[in-house]
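Asks: Structure in structure tokens, see below.
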Amino acid sequence: MRSQLTDVAHRWTALGDEDPLWAALTNAGKGGRWDVGEFLRSGRIEVDAVLTLLSRRGVSPTMGTALDFGCGPGRLTAGLAAAGFVRVIGVDLSPTMLAKASEIVDDRRCEFLLNDGTDLTSIPSGTVDLVYTCRVLQHMSPTLSHGYIREFLRIAAPGAIVVFQLPSEPVDGPVGIVLKLLPTAVLNRLRKGMQMHGTGPAVVTRLVAAAGGVTVSIEEDASAGPRWRSYLYVVRAMS
């Protein structure tokens, strides 16, 4: 598992060195096309949408400490702080991504930590009011992503909210068949090194329950792109 994490770290450190904003959110295309202000504003828009969803589901979090897992250049870290969280911790395994985050995010409520382990031992148990991660777990093997989901529930305070996005499988039809049949090495080249992995909702909900969480809702989500079925999981840590 450690070797898997090392591969992920090398991949995202290289992407962070090459074009960190595009690697974090490919909407604007590659080659430095993101305006930094627009990039950060997109994070606030996304966070506001998540908080609105949580309010509709009746599980609005305490606005204390939030964790942005796989923070990259800090787009969502800054968005969480702008939304009103008192303290926001952005963790990532890429030094180049964290360097960019420290450069473009100017907010004392935000702190950025290198987390290059298969757990989150730098975060004490029961101390986080909201965990949020999107477009992150999909890029690592289920062995790693499932371990981090368990860690999210460990660090969550009683009654805290954990929100994470994870694809399940490629879509049906010709595109999905091709994705399932192509060798991993070919897919990696096509995806510019961004591997894609999925886990079905039934497995995820069992994992959440075993880790001490309650799945509040499973929302259809488009973050993985049109070639994958993807879901946003809203989970509450048991009191």
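Asks: List every residue pair whose Cβ atoms sit under 6 Å apart, with the two residues 6 or more apart in sequence or on different chains, where the first one lies in region 27-54 and is over 20 Å from Glu103 (Cβ atoms) and modelled with pLDDT of 95 or more and the second, anywhere, is aliphatic (A, V, I, L, M) and in a helix (DSSP H, G or I).
Replies: Val47/Leu80
Asks: Additional query: Pull up region 44-82, narrow it to residues that are closer than 19 Å to Leu114 by Cα and not hydrophobic (A, V, I, L, M, F, W, C), then point me to the one that is surrounded by the most Cβ atoms within 10 Å (Cβ to Cβ).
Replies: Per the criteria, the residue is Pro73.
Asks: Please count how many residues of region 119-139 are buried (at least 22 other Cβ atoms within 10 Å of the Cβ) and either touching an Asp or Glu at 6+ places or on another chain (Cβ under 6 Å) or in a strand (DSSP E or B) (or both).
Replies: 6
Asks: Give the number of residues within region 161-185 that are in contact with a Gly (Cβ under 8 Å, 6 or more places away or on another chain) and modelled with pLDDT of 95 or more. Spell out the reasoning first.
Replies: Within region 161-185, the first condition is being in contact with a Gly (Cβ under 8 Å, 6 or more places away or on another chain), and the residues that meet it are 162, 166-170.
Next, from what is left, pick out any that are modelled with pLDDT of 95 or more: 162, 166-168.
Counting residues in region 161-185 that are in contact with a Gly (Cβ under 8 Å, 6 or more places away or on another chain) and modelled with pLDDT of 95 or more gives 4.
Asks: Hey, another quick one. The conditions are (1) in contact (Cβ under 8 Å) with a residue 60 or more places away in the chain; (2) closer than 21 Å to Gln165 by Cβ; (3) surrounded by fewer than 24 Cβ atoms within 10 Å (Cβ to Cβ); (4) of a type in the set (S, T, N, Q), and Ser94 fails exactly one of them. Which is it?
Replies: So the condition that Ser94 fails would be (3).
Asks: OK, next. Enumerate the pairs (first residue in region 205-230 and under 22 Å from Arg150 (Cβ atoms) and of a type outside the set (A, V, I, L, M, F, W, C); second residue anywhere and at pLDDT 95 or above and assigned to a loop (DSSP other than H, G, I, E, B)) with beta-carbon separation below 6 Å, excluding pairs fewer than 6 apart on the same chain, so at least 6 apart or on different chains.
Replies: Correct list of pairs: Ser217/Arg57; Ser223/Cys134; Ser223/Arg135.
Asks: Every residue in region 140-167 that is surrounded by fewer than 18 Cβ atoms within 10 Å (Cβ to Cβ) and in a strand (DSSP E or B), please.
Replies: Pro158, Gly159
Asks: Looking at the structure I just gave you, is Leu53 within 20 Å of Val91 (Cα to Cα) and in contact with a strand residue (DSSP E or B) (Cβ under 9 Å, 6 or more places away or on another chain)? Please lay out each step first, then the result.
Replies: On the way: within 20 Å of Val91 (Cα to Cα): no; in contact with a strand residue (DSSP E or B) (Cβ under 9 Å, 6 or more places away or on another chain): yes.
Spelling it out, it is not the case that Leu53 is within 20 Å of Val91 (Cα to Cα) and in contact with a strand residue (DSSP E or B) (Cβ under 9 Å, 6 or more places away or on another chain).
Asks: Using the structure shown, decide if Ser102 is polar (S, T, N, Q), under 17 Å from the mean Cα position of the chain (by Cα) and farther than 19 Å from Val162 by Cα.
Replies: So Ser102 fails the test.
Asks: Quick check on this structure: which one of Arg109, Arg154, Arg135 is touching a helix residue (DSSP H, G or I) at 6+ places or on another chain (Cβ under 8 Å) and closer than 25 Å to Ala202 by Cα?
Replies: Arg135
Asks: A further question on this structure: Given the criterion at pLDDT below 95 and touching a Ser or Thr at 6+ places or on another chain (Cβ under 8 Å), identify the matching residue among Ala157, Ala209, Ala224. Break it down stepwise before answering.
Replies: On the way: Ala157 fails: at pLDDT below 95; Ala209 fails: at pLDDT below 95.
The conditions single out Ala224.
The values are calculated or read from the model by the stated rules, or taken from the named source; none is laboratory data. All values reported here derive from a predicted model rather than from experimental measurement. As a convention, Cβ positions derive from the backbone with ideal geometry for all residues, glycine included, and neighbour counts pool all protein chains shown.
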